[in-house]
1. Could you list, in sequence order, all residues of region 68-113 that are of a type in the set (Phe, Trp, Tyr) and in a loop (DSSP other than H, G, I, E, B)?
2. Of the conditions (1) more than 18 Å from the chain's Cα centre (by Cα); (2) at pLDDT 95 or above, residue 267 fails just one. Which one is it?
3. With the condition kept exactly as written, say whether any residue in region 250-260 is of a type in the set (D, E, K, R), exposed (fewer than 15 other Cβ atoms within 10 Å of the Cβ) and more than 27 Å from residue 146 (Cα to Cα).
4. Restricting to region 121-169, name every residue that is outside any helix (DSSP H, G or I), in contact with a Gly (Cβ under 7 Å, 6 or more places away or on another chain) and under 15 Å from residue 84 (Cα atoms).
5. Being in contact with a strand residue (DSSP E or B) (Cβ under 8 Å, 6 or more places away or on another chain) and more than 14 Å from residue 238 (Cβ to Cβ) is the filter here; which residues of region 48-66 pass it?
6. Test each condition in (1) in contact (Cβ under 8 Å) with a residue 40 or more places away in the chain; (2) closer than 22 Å to residue 166 by Cα; (3) within 19 Å of the chain's Cα centre (by Cα) for residue 215 and report the one that comes out false.
7. Given the criterion over 15 Å from the mean Cα position of the chain (by Cα), farther than 18 Å from residue 63 by Cα and among the β-branched types (Val, Ile, Thr), identify the matching residue among 144, 169.
8. Exactly one condition in (1) over 24 Å from residue 213 (Cβ atoms); (2) buried (at least 18 other Cβ atoms within 10 Å of the Cβ); (3) aromatic (Phe, Trp, Tyr) is false for residue 128; which is it?
Amino acid sequence: MQKCGFIFYLFMLVAAVSVAQHETKGSDSRKVNFLPARIYHLELPKPNPHSQIIHHKGYTLSYNSTYNVADWVAYELTAEETIPVVKRENHFVPDPLLKSGSASNNDYKGSGYDRGHLAPSADMCYSYETMEESFYLSNITPQVPSFNRGIWNKLEDQVRQWAIDDKAVYVVTGTILVKELPTIGYDRITVPEYFYKVILDCAGPGIKGIGFIIPNQGSQEALQHYAVTIDSVEKVTSIDFFYQLPEDQHRIIEKTVDLSKWSWTTTKNHIP
């Protein structure tokens, strides 16, 4: 990335995060008391015509063949699905539904990066099929080990706790992709500089949303430090999340985030 473009990108990211953190409690935030929306596949972002959409049993993903990683993976996570039924496999394989070329395990060998999940295996532990799908390489990205095993793992645990607390949540996880990022391996797998999650609680009595943008590096910060509005994530990804919501809900939920409405205690639920 050219220097001016890189600085502009960082400026836009910092500005979006800054705005989000100051919009946690506006006048509109008190009005978010809608009944849950009954919408089929509400978790799916508006599709990108240049990416391949792949539907698996446990999640749907949008694969970006330009960068050889997914733009996003999306799924609903229920409280029941957080209860481990099968053990973690650690068997990374190509996605059989991916039309374009896939990453290989050799791309990661000796790279110094973890094979990091977007849809974590602990969210897919409720059946053998979903567990196997979570290890498709289309769902994997290069992650700095201290990020993957630290702050990112902490966020994954927190989302599972929210699924338990709120009975179900919609989750979208992905990469922030810009030109001239570093790559690894023969297949030139892009190494994202930032990852994001957006979460929608649609269980009622009201519904609420929250986003996170976290750099691909180790961190000792609290998760709240990285909390942003969903609008902020949309600005840096150009992805329209939860677009099927009625317009009044969509507008208010995505421009506000009230940290006091979310619990911040995690329950470890790793698969034995």
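1. Residues of region 68-113 of a type in the set (Phe, Trp, Tyr): 72, 75, 92, 108, 113.
Passing the criteria: 92, 113.
2. Only one criterion is unmet by residue 267, namely (2).
3. yes
4. Passing the criteria: only 124.
5. 52, 53, 54, 56, 58, 59, 60, 61, 63, 65
6. (2)
7. 144
8. Answer for residue 128: the failing condition is (2).
The values are calculated or read from the model by the stated rules, or taken from the named source; none is laboratory data. The shown structure was predicted, so the numbers you read here are calculated from the model rather than taken from an experiment. All Cβ positions, glycine included, derive from the backbone under ideal geometry; neighbour counts span all protein chains shown.
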